[in-house]
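Inspection log for the structure reproduced underneath, given as structure tokens.
The values are calculated or read from the model by the stated rules, or taken from the named source; none is laboratory data. Since we're looking at a predicted model, the values are computed, not measured. Note that each Cβ is placed from the backbone with ideal geometry, even for glycine, and that neighbours are counted across all protein chains shown.
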Amino acid sequence: MATRIMKKLPEDVVIYILLRFAVKSLLRFKCISKAWYSLIITKTFVKLYGNRITTTKDEFILCIRTFREEPEQLKSIASFFSCDDNNDLNTLAPDVDVSDLTSSCDTIFNQLIGPCHGLIALTDSFIIIILNPSTRKYVVLPPSPFGCPKGYHRSIEGIGFGFDSIVNDYKVVRLSDVYWDPPTDYPGPREPKVDIFDLSIDSWRELDLEFPTIYYLPCSEMYYKEAIHWFIIAETVVILCFDISTETFRTMKMPGTCTLFDGPRYGLSVLNEHLTLICYPDPMSSIDPTEDLIDIWMMEEYGASESWIKIYTIRPVPIPIESPLAIWKGHLLLLQTKSGFLVSCDLNSGDVKEFNLNGHLESLRVLVYTETLTTIQKISEHGTQVQQF
């Protein structure tokens, strides 16, 4: 029946109708007929679906959280949520156990990076996977072959994931430091290393580049405008950017009141398609963190440091906060508490809501995404294989 209807309608009308469906429905439609399957998997349709007009109602979140099952064993869970009119979480699908894709002994470096055309990088710095949370397809990247000589230690300082529009390729960037590893507390001189993984050729390569020491903070490895962003400490805190296409570093200044590294903490997000800086109280401060304000700054013109403007000042949150996680629906600031729970703060009203969602301390990671059909190609017969959650 559906095939007969499709044959009677012009293809552009059929495409217009299909673009209005969720990914879950489109994946089912692929089983209706060979014609529907062929249409839905075409690069043209996938690109049209990725470029369709969406609103904040089309935003979902992927949440990774970790539980300690045994003293030395952690279990990591991926959860998928939508949001109703009351700003409550609604489960989109059953949780997925991703314990084999994350660290089994620590959680502080587990990160979600992206989205980039609907794809997300999940990493604990050593294991790196690229996934599409809409189609549940993923690949586990082969480990980097670049180690360090005997007697030295390699410390992973930052991970990035993004798209190179010039060569039409997705790339993973790994920043690390190599130290002499003597039997003392002094690690010796630092040698920075930059590794790149090109998904199109399924291979790692090493760049001869230097970069300053990364100032690691949760919610700080941000992909935006084909660049990866981290914080570094020069004389003050600044933003380090790595351009995916040119494979070069550059820096951007922070707002004048947000440059200290021994005071507030900082996070990065995207709000209304602008790079956004979240300045929040240091959770380790001896001063009561519930007494401090949270400031949110937006960069009106990307790359122009003088275009930072403060758009929100949030009164003290009544719950001790560990770190920000993301901005959802254009007005909900998601945070993790020091006790490991997920809370939201409405940027318009200031209302704070605590959700029945928690994990091991500092383990919550949240990323906002919209549905896409972006595929992860199998490189070769013996290369990295695409798998299904």
Condition set surrounded by 14 or more Cβ atoms within 10 Å (Cβ to Cβ) and of a type in the set (G, A, S), scope region 25-59, selection modelled with the highest pLDDT: answer is G50
Among the residues of region 128-164, the number that are over 19 Å from the mean Cα position of the chain (by Cα) and of a type outside the set (K, R) is 12
| task | Report yes if some residue within region 366-386 is closer than 18 Å to Y138 by Cα, surrounded by fewer than 14 Cβ atoms within 10 Å (Cβ to Cβ) and acidic (D, E); otherwise report no. | result | yes
For region 126-165, the count of residues that are closer than 20 Å to Y216 by Cβ and in contact (Cβ under 8 Å) with a residue 40 or more places away in the chain equals 9
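Here is a check on your reading of the model: is T251 without any contact (Cβ under 8 Å) to a residue 12 or more places away in the chain, of a type in the set (V, I, T) and assigned by TED's automatic domain parsing to the domain that holds E362?
The answer is no for T251.
What residue, of V386, V343, V366, is in contact with a Leu (Cβ under 6 Å, 6 or more places away or on another chain) and within 26 Å of F197 (Cα to Cα)? If you could, list the steps in order and put the result at the bottom.
Details: V386 fails: in contact with a Leu (Cβ under 6 Å, 6 or more places away or on another chain); V343 fails: within 26 Å of F197 (Cα to Cα).
Every option except V366 fails the conditions.
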(request) Check region 187-203 and report whether any residue there is in contact with a Phe, Trp or Tyr (Cβ under 9 Å, 6 or more places away or on another chain), in a strand (DSSP E or B) and modelled with pLDDT under 90. (result) yes
Practice problem: Could you check, for region 282-302, whether at least one of its residues is touching a helix residue (DSSP H, G or I) at 6+ places or on another chain (Cβ under 6 Å), modelled with pLDDT under 95, of a type in the set (D, E, K, R) and assigned by TED's automatic domain parsing to the domain that holds R315? | Solution: no
Problem - Test: residue in region 210-217 that is in a strand (DSSP E or B) and farther than 30 Å from Q336 by Cβ - result: no
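Residue check: is I113 surrounded by 20 or more Cβ atoms within 10 Å (Cβ to Cβ), farther than 30 Å from C345 by Cβ, modelled with pLDDT of 90 or more and not polar (S, T, N, Q)?
Against the criterion (surrounded by 20 or more Cβ atoms within 10 Å (Cβ to Cβ), farther than 30 Å from C345 by Cβ, modelled with pLDDT of 90 or more and not polar (S, T, N, Q)), I113 does not qualify.
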Listed by first then second residue, the pairs whose first member lies in region 205-224 and is under 25 Å from L367 (Cα atoms), whose partner is modelled with pLDDT under 90 and part of a loop (DSSP other than H, G, I, E, B), with beta carbons under 9 Å and at least 6 positions apart or on separate chains, are I214/S220; Y215/F261; Y216/I108; Y216/F109; P218/I108; P218/E362; P218/L364
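Of the residues S165, S203, S176, which single one is closer than 20 Å to Q377 by Cβ and surrounded by 14 or more Cβ atoms within 10 Å (Cβ to Cβ)?
Values: S165 fails: surrounded by 14 or more Cβ atoms within 10 Å (Cβ to Cβ); S176 fails: closer than 20 Å to Q377 by Cβ.
Step by step, each of S165, S203, S176 is checked, and only S203 is closer than 20 Å to Q377 by Cβ and surrounded by 14 or more Cβ atoms within 10 Å (Cβ to Cβ).
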